[in-house]
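Contents: one structure, followed by commentary.
The values are calculated or read from the model by the stated rules, or taken from the named source; none is laboratory data. What you see is a predicted model, and the numbers here were worked out from it, not measured in a lab. Positions of Cβ are backbone-derived with ideal geometry, glycine not excepted, and every protein chain shown enters the neighbour counts.
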Amino acid sequence: MSLELPEFYFRVRENGAFVYLVDTENRQRRIEMNQIAVVNVRNGQIKPHGDHKLTEGEVQVIRDWMEDRLLVLEERDIDDIFRAIDYLNLTTHWAQSNAKEEQLEEVTDSLLLAMHDLRSVLIRKKGDRILKKAAE
């Protein structure tokens, strides 16, 4: 652990974070974290917590964190999709090589519907991109 703690701590939650000001400059030399804001990365909203008035500097730190957080979430989304592709391949191998008839009976309809839905969306989106490109 580094000797110097950051000035701000972001407790991540599903839509954003709770923002805390980290304080070690007290008599007991304990770490105190005072909540100063709640942020929502989906809509860009920053709400001060309680009576705290956010300074320009605090707002800028929060906005920078939100920008970085959106990049992390975007990277995770695409990584999840590549994992899904790998998992589809593993599922195909399982169905072909290892699956028992009862297991296949249990999952076939759900898999077929999910794959049909995915295929429909992908084809529609690809068509939209092709039409858009042709229009340009």
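Odds and ends about this structure:
- Count of the range 73-115 residues which are under 30 Å from ASN40 (Cα atoms) and either of a type in the set (Gly, Ala, Ser) or touching a Phe, Trp or Tyr at 6+ places or on another chain (Cβ under 6 Å) (or both): 1
- Options ASP128, ASP86, ASP80; residue that is under 26 Å from ASN15 (Cβ atoms) and charged (D, E, K, R): ASP80
Every residue, every condition in (1) within 15 Å of PRO6 (Cα to Cα); (2) among the small types (Gly, Ala, Ser), yes or no:
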{"residue": "GLU25", "(1), (2)": "yes, no"}
{"residue": "GLY44", "(1), (2)": "no, yes"}
{"residue": "HIS52", "(1), (2)": "no, no"}
{"residue": "VAL59", "(1), (2)": "no, no"}
{"residue": "ARG63", "(1), (2)": "no, no"}
{"residue": "MET66", "(1), (2)": "no, no"}
{"residue": "LEU71", "(1), (2)": "no, no"}
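- Residues that are surrounded by 11 or more Cβ atoms within 10 Å (Cβ to Cβ) and free of Cβ contacts under 8 Å to residues at least 24 places away in the same chain were ranked within the range 48-57; the one that is nearest to ASN15 (Cα to Cα) is PRO48.
- Among the candidates SER97, SER120, SER110, the residue that is surrounded by 10 or more Cβ atoms within 10 Å (Cβ to Cβ), more than 23 Å from the chain's Cα centre (by Cα) and over 19 Å from GLY16 (Cα atoms) is uniquely SER120.
- Taken over the range 34-77, the residue count meeting the criterion of being part of a helix (DSSP H, G or I) and among the aliphatic types (A, V, I, L, M) is 8.
- Every residue from the range 59-68 that is in contact (Cβ under 8 Å) with a residue 40 or more places away in the chain and closer than 9 Å to ALA37 by Cβ: ILE62
- Count - residues of the range 123-136 that are surrounded by 10 or more Cβ atoms within 10 Å (Cβ to Cβ) and either modelled with pLDDT under 95 or touching a helix residue (DSSP H, G or I) at 6+ places or on another chain (Cβ under 6 Å) (or both): 0
- Residues of the range 9-47 that are surrounded by fewer than 11 Cβ atoms within 10 Å (Cβ to Cβ) and either among the hydroxyl-bearing types (Ser, Thr, Tyr) or farther than 16 Å from ARG63 by Cα (or both): GLU14, GLU25, ASN26, ARG27, GLN28, ARG29, ARG30.
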